[in-house]
Structure formats: structure tokens, C-alpha cells
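Only one structure is covered here, and it is reproduced in the block below.
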Amino acid sequence: MIHLSGGAGAPELDGEHRTVVVVGGGQAGLAMSKCLTGRRVDHLVLERDRVGGEWRDRRWDSFCLVTPNWQCNLPGFPYPGDDPNGFMVRDEIARYVEDFARSFGPPVVTGVRATGLRRDRGGVFHLATTAGAVTADHVVVATGPYQVPLIPRMAERLPEKILQLHSSQYRNSAQLPAGDVLVVGSGQSGAQIAEDLHLAGRRVHLAVGSAPRVARFYRGRDVVAWLSDMGYYRRTIDEFDDADAVRLRANHYVTGRDGGRDIDLRAFARDGMRLHGRLTGVDSGRLRFAQDLKRNLDHADAVSESIKDSIDSYIAATGVIALAEARYTPVWVPGEEQASELDPAGIAAVIWATGFGRDDRWIDEPVFDGHGRPRHTRGVTNCPGLYFLGLPWQYTWGSGRLSGVGADAEHLADRIVAARGARRLSDVRWIAGTPWNTCPGDDEFTPARTVA
Ligand SMILES: Cc1cc2nc3c(=O)[nH]c(=O)nc-3n(C[C@H](O)[C@H](O)[C@H](O)COP(=O)(O)OP(=O)(O)OC[C@H]3O[C@@H](n4cnc5c(N)ncnc54)[C@H](O)[C@@H]3O)c2cc1C
């Protein structure tokens, strides 16, 4: 790997041209690089920070995978350890990604950020980077599904003495001042961080949203193993009526901690955690919550139980031998006296587990929808030569995860190789006097320059 300082205007990459430039050196960018390497396509990976940095630098200390290790399936590099049904902890995951990179030596330049991208009329991409201007015939954007921490603006109205962190900045309980902690959001991060603080002996308030939950184990196996057998992870986005809604769905909360178990917010409440409905605002110095706690808990349980129903049906239909298991019964229910407001005076810290957004403003091509999300078909945009990789549900459930990003990278690599072949053919035809744009289906290329 090449390391550059990446200072503004640094000339190290100035004038470089590659067949493919991949932006982002996380698991998606590296998977892309592996697939291009296997096809002998010359390319460069630009990484603004360091390989595996997202896992190492933006997760809390007790973080571990929610997906079992056997689902780590980077191209040609399955989970190498001896605990396939376990859940790697933060540093092990980062090491897995780093080892993957070491296994094939990708042309990664670290410390370099892509700051601009446009395609000229001849079909060449011009990338502005912190190490100079680079050109490419194809660009793969693999900048991550969770880029920009989102914090609602009501945060500005909280008293200054309260320490506020986004979930990506949270590390452990000791990092917070003494006193109660409010965690806002009960998706995967919020639920796990609330548990982490609860186990550390903190008094935790949790503003519970509408995220669903899933049981860790059912009828003797990890639910992920059942869903895998049932074909859920092979389902593609075009099998759903509302692809946008599927892509935006919150992840189900569950944990891999201590070998894996459920996250049952009702059990936390029984054991002293203060549960509230959604945080709706900060008014007149008070934190305001919606009266939707009961609904949100019921919804999370209903989703979890409906997944068990599907597993039961699968077992009945296939005759698989499986243990019997009693269904969940709630261990706590919110009372009528559920508080709709809270005095922030007793709160020492707020953790905003309120999600992430994207920032693609550096891409100057019209490939986004009205919400600023990339428009694509399995990562292929309508701008010839521009691709995305690693988006949530780009093609399957695993697309934005360690399990499915490799298959999407293989797909894009095949597309790139096919487009290069077509482009060469087009150059020949062009040189021979046949107009390139009369070839049927030639939307992937232009004949502007001869490709080596
Ligand atoms: C809290 C949390 C828990 C998760 N748990 C799991 C799990 O249990 N199992 C699972 O399979 N997945 C999980 N994921 C999802 C997913 O695997 C991770 O988000 C993973 O980091 C995505 O890899 P990526 O390569 O697509 O993106 P990232 O890892 O985000 O990598 C993108 C890279 O691009 C770089 N970059 C961004 N912009 C630029 C630019 N302009 N120029 C140059 N470089 C740039 C960044 O520095 C970064 O290194 C989880 C995600 C989160 C947030």
C-alpha cells in the first residue's frame, strides 16, 4: 500500500490515469480491488484515512458483529478463524479487513480524499483529489453506507453542560461524565450502546423508536442460520414491490455480545433502565417524548415473533428436525404513568444514535434521486462508467455488509471488463470508419480515447 500525506494540492498523483479508480478503501473498495486484480484490470484505490479505519475508529470498545462470523465472505477470503458461529469483536473485524488487503496487495493510496468528480464529453472521468488531479475510464464509489453522523437540530437547545456525542463517537461509559445518560434511538447502535452503559452500572434513559427486533436464537439455531436456509439472503431488491422502502428500513436490533443474545428492552426496563417514547423536542427547557413507547415495544416484538412464524412454517414444510421452543412473553409493560417529559438537569450526557447520511456533493454527475440518493441498478448508474458499491440493499440484504459486498463487486468487475472489451471493439470500428454510436447497446462507452 502506498501512503501519502494527502495535503491540499500535493502533487503525488497529479496527471495519473487508470482504467479504474475506486474511491474508498473499506471492505467494499478492497473487494472491488480484489475482483479487478483477478481480472488484471489496472486500477487505483483512494482512501482518505486508513484501511479498516471505519471499524477501528468509529465503533465503541465492546462492539462486536451482529452477523455471525461465517457470514464474513469477502472475495476469496472467507472468515479464517475457528469460531464461525461466533461474533468477532471490533479489533478482530478490523484485522480481518486488513488481512484481506494484505492477502492480495491492492494498489491503495491512503491519506488521499477524492474531492471532485466529473466526466468529460469524451467519457473520461476527472477526479480532483488532495494529492492532485487523476483521470480514469471508470470510477467505483465505495465510500461507505454510513458516512455522515446525523444529529437532529433539537440538540442545539440542550443545556451546554450536557456532553453530547453521536453513536460513532461513543467508546465506553468511562468517557462520559458521572450521572444519567440519555440514549436517543433504539436501532442497532442505540440498543447496544444503551445495553453497554446499563451493564457498566449507569442509569440509562432510552428514547425508543420504531426499529424492529429479531431474536438471536430460535428452535436451537441462530436466526441468521434459519434465514439463510430459507433463502432470505438470496432475495434480490427487484423481488420487492417498494425497493426504496426496503432500502430505508431500520436494521433489527439484536447483539453478538458474549456469544450472542437477544436485546430485550423490556428486560432492561425491568432491571432499572428508563424507557421513553420517541424524543420529539426540547421545549421550555424540558425533553419531550411521544406517547408511543407501548406501540414501539409491541411492534418490535411483533416483528420478532413474525420471523419466528416464518421459521416455524419452514420447519413444518421441510420436515427439518428442530427443538421446540416456547414463544416470547413480555417481561415488562409500560404503565399509564409513562412520563412524556424529562428535566435535562439530571442528564450528564446524551448519545445520539440517530443514524447516518451520505455526502456525495463531490460527485458532479446527475445520478441522484430527489432525496440525493444514488440511482442505480445493482450499482450501475446511467452515467456510463460510474458505479456505486456497498450501498444498503444495493442488490441483496448483504450488499452493505461483509456477506454480500463481494458478489456485487464481482458483478461490477464483470461489467467493467465487458465495457472495456466493447470499447476496444468500438475503437476498431471507429478507426475503420463505422460510427461508434450505431452499435446496438453501446451505452457503456464512447470512443474518445484508445484504451490500452
Ligand atoms: C454500528 C454498525 C454496525 C455494523 N454491524 C455490521 C455487522 O454486524 N455485520 C456486517 O456485515 N456489517 C455491519 N455493518 C455494516 C457494514 O459492514 C459497515 O458499515 C462497513 O464499514 C461498510 O464497509 P464499506 O467499505 O462499504 O464502507 P466503510 O467501511 O465506511 O468504508 C468507506 C471508506 O471510504 C473512505 N472514504 C469516504 N469518502 C472518501 C473520499 N471522498 N475519498 C477517499 N476516501 C473516502 C472512508 O474513509 C472509508 O474508509 C455495521 C455498520 C455499523 C455502522
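Only the coordinates and a few stated rules stand behind these numbers; no lab work does. This is a predicted model, so every value here is computed, not measured. Note that we place each Cβ from the backbone using ideal geometry, even for glycine, and neighbour counts take in every protein chain shown.
For region 129-151, the tally of residues that are within 29 Å of Arg247 (Cβ to Cβ) and either more than 9 Å from the ligand (Cβ to nearest atom) or surrounded by fewer than 23 Cβ atoms within 10 Å (Cβ to Cβ) (or both) stands at 13. Of all residues in region 83-122, those satisfying the criterion of being within 13 Å of the ligand (Cβ to nearest atom), surrounded by 17 or more Cβ atoms within 10 Å (Cβ to Cβ) and closer than 25 Å to Cys383 by Cβ are Pro106, Val108, Val109, Val112, Arg113, Ala114, Leu117.
Is it true that Val350 is closer than 30 Å to Lys161 by Cβ and crowded, with 20+ Cβ neighbours inside 10 Å? Here the answer is yes, as Val350 does meet what is asked. Answer yes or no: is there a residue in region 336-353 that is within 18 Å of Ala142 (Cα to Cα) and among the acidic types (Asp, Glu). Scanning region 336-353 turns up no residue that is within 18 Å of Ala142 (Cα to Cα) and among the acidic types (Asp, Glu). The number of residues in region 12-34 being more than 14 Å from the ligand (Cβ to nearest atom) and either crowded, with 24+ Cβ neighbours inside 10 Å or under 25 Å from Arg420 (Cβ atoms) (or both) comes to 7.
Look at region 36-60: where a residue is closer than 16 Å to Ala409 by Cβ and free of Cβ contacts under 8 Å to residues at least 60 places away in the same chain and a partner is among the small types (Gly, Ala, Ser) and buried (at least 17 other Cβ atoms within 10 Å of the Cβ), sitting 6+ places away or on another chain with Cβ atoms under 6 Å, you get Val51/Gly25; Val51/Ala101.
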